[in-house]
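One structure below.
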Amino acid sequence: MTPSNSTDDVSVRIGVVGPGLMGLGIAQAFAASGAAVVLCGRDEEASRRGRASLAASLSGQVARGRLDPVAEAAVLANVEAVGIDSGLQDCDLVIESAPEDRAVKNALLASIEKAAPKAILASTTSGLTISGLAQALANPSRFLGLHFFSPANRMPLVEVAIGPRTSDAVVRRALALVRGAGKRPIVVRDGPGFFATRVFAAYLDEAVAMATEGIAIESIDNAALTNGRAIGPFAMLDETGIALNLSQARQARADGLEPRFCRPLAEATLEHLVAAGRSGRREGGGFYDSPLDGPRTQWAGLRALFPLATHETEPKTIQFRLLAAEAREALRCLEEGVVASADDADAATVLGLGFSKARGGVLRWAEDFGFGALVEALEGLSRTHGDRFSPSPWLRALAGRAEGLSPYRGKDLPT
């Protein structure tokens, strides 16, 4: 496979299997870059409905001023609805975009492998391991993860998750195709949650932990906004779906992963909300009620779930705890080699997770705070809130060297 730095080549053919919100966004991104895109549903009728949904989405983007009519027409001209058995054989890359269910993804990937004998195969999973999904394939050397962020047509980040048997040529070609679609790839090592999902879960779950201690969710969301986030963690949980977050915790537990990957701080709360019919904004509400014709308001049943503490917590304390939880997990990922580059980690948190661009990313924030001071602060948090904050020997040594993250910066992606 010869790497290319652009998909603006009519010979590039991209298959997207699964025309849901994520799949349609991915199809739009590649089609906008000039690639020929084939869109597949469970059958040809589902594929046609998917293309119709894409057309409706594009029309809505034009109406909102996010897309001009010429670009709309160009995208639609590059997207064809096909059946999975007949439309994938000439694809360079086929991306599976099914729900985050191992059995569903495994069955679909096995079908794609037979239908696309020459293609790179990719999964959009945000947390299932590539090594686990690869067990459904006869040739895992051409398989990797391409974790797009929603909405995929606008969000610039893509995590490129390399499995233990993914070939170097496949990695290089996938990176070129991702760049050609106008995206910023970061390479991550295979493992539960990769980098972004792990770090974001630590941030969201720390917010839930604070709520269980009696801190008002409005105070926590406001602290996140003060930190530079566009949306608070509870509003974000409602947007991404409480049921989805709960399913991630349950899947991790079913896979026998270490407890730290099973969302222990948040799982019981997520279960309670789902049982109460509060599965997220699209399902009628979660932590907040979000009417179409009015402002977001806190769910009336929340006080019974989270009784307020008798004392108020200082906003700066909440702000720091959110930052520290996210930074601690990002540093843990760097220590474990999940991500090799601090620059990539910072790009991922800014471009994919909404971390403040002004702060430069979560590791840049930690570096600017000072690792000596951070270790001291984490020790205090660990005494009060548990081992999740404890600085490791690696982090203590990093603080002792007083060189910051310079050894982890300036690393280039494969070309």
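The values are calculated or read from the model by the stated rules, or taken from the named source; none is laboratory data. Bear in mind that the values here come from a model prediction, so they are computed numbers and not experimental data. Ideal geometry is used to build each Cβ from the backbone, glycine not excepted, and the neighbour counts take in all protein chains shown.
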### Query
Can you pull out the residues in the stretch 370-415 that are touching a residue at least 40 places away in the same chain (Cβ under 8 Å), part of a helix (DSSP H, G or I) and within 21 Å of Glu206 (Cα to Cα)?
Leu374, Ala377, Leu378, Leu381, His385, Arg388, Phe389, Leu395
## Note on the structure
The correct count of residues that are under 13 Å from Ser123 (Cα atoms) and assigned to a strand (DSSP E or B) in the stretch 154-174 is 5
#### Entry: Lone unmet requirement of (1) within 18 Å of Thr349 (Cα to Cα); (2) touching a strand residue (DSSP E or B) at 6+ places or on another chain (Cβ under 7 Å); (3) not acidic (Asp, Glu) for Ile162
(1)
## Note on the structure
Note on Ala330: of the conditions (1) within 19 Å of Ala207 (Cα to Cα); (2) under 20 Å from the mean Cα position of the chain (by Cα); (3) modelled with pLDDT under 95, unmet is (3)
### Message
Condition (residue is in contact with a Cys (Cβ under 9 Å, 6 or more places away or on another chain), assigned to a loop (DSSP other than H, G, I, E, B) and modelled with pLDDT of 95 or more) applied to the stretch 130-153: is it met by at least one residue?
### Response
no
### Query
Identify, please: which residue in the stretch 188-230 is β-branched (Val, Ile, Thr) and under 16 Å from the mean Cα position of the chain (by Cα) and is, among those, surrounded by the fewest Cβ atoms within 10 Å (Cβ to Cβ)?
Thr197
### Query
What number goes with the only condition from (1) more than 21 Å from Phe149 (Cα to Cα); (2) among the aliphatic types (A, V, I, L, M); (3) part of a loop (DSSP other than H, G, I, E, B) that Val339 does not pass?
(1)
### Message
Regarding the stretch 347-361, can at least one residue be identified that is of a type in the set (Val, Ile, Thr) and at pLDDT 95 or above?
### Response
yes
### Query
What's the number of the condition Gly360 fails, among (1) more than 25 Å from the chain's Cα centre (by Cα); (2) surrounded by fewer than 19 Cβ atoms within 10 Å (Cβ to Cβ)?
(1)
### Message
If a residue counts only when it is farther than 15 Å from Ala27 by Cβ, which strands (runs of 3 or more DSSP E) contained entirely in the stretch 64-127 have at least 1 such residues?
### Response
120-123
### Query
Quick one: Ile231 ticks every box in (1) assigned to a loop (DSSP other than H, G, I, E, B); (2) farther than 25 Å from Ala366 by Cβ; (3) among the aliphatic types (A, V, I, L, M) bar one, so which box is it?
(2)
### Task
Return yes when Phe149 is aromatic (Phe, Trp, Tyr), buried (at least 19 other Cβ atoms within 10 Å of the Cβ) and under 20 Å from Leu353 (Cβ atoms) and no when it is not.
yes
### Query
Restricting to the stretch 116-133, what's the tally of residues that are under 17 Å from Val17 (Cα atoms) and in contact with a strand residue (DSSP E or B) (Cβ under 8 Å, 6 or more places away or on another chain)?
10
## Note on the structure
The one condition Thr384 fails out of (1) among the hydroxyl-bearing types (Ser, Thr, Tyr); (2) over 19 Å from Phe149 (Cβ atoms); (3) surrounded by 23 or more Cβ atoms within 10 Å (Cβ to Cβ) is (3)
### Query
Among the residues of the stretch 113-169, how many are in contact with a Gly (Cβ under 8 Å, 6 or more places away or on another chain) and of a type in the set (D, E, K, R)?
2
### Flag if Glu336 is farther than 25 Å from Arg260 by Cα, surrounded by fewer than 21 Cβ atoms within 10 Å (Cβ to Cβ) and among the acidic types (Asp, Glu)
no
### Summary
Filtering the stretch 297-329 down to residues that are among the charged types (D, E, K, R) and surrounded by 15 or more Cβ atoms within 10 Å (Cβ to Cβ) yields Arg321, Glu326, Arg328, Glu329
### Query
Would the stretch 374-386 turn up any residue that is assigned by TED's automatic domain parsing to the domain that holds Asp205, over 20 Å from the mean Cα position of the chain (by Cα) and among the acidic types (Asp, Glu)?
yes
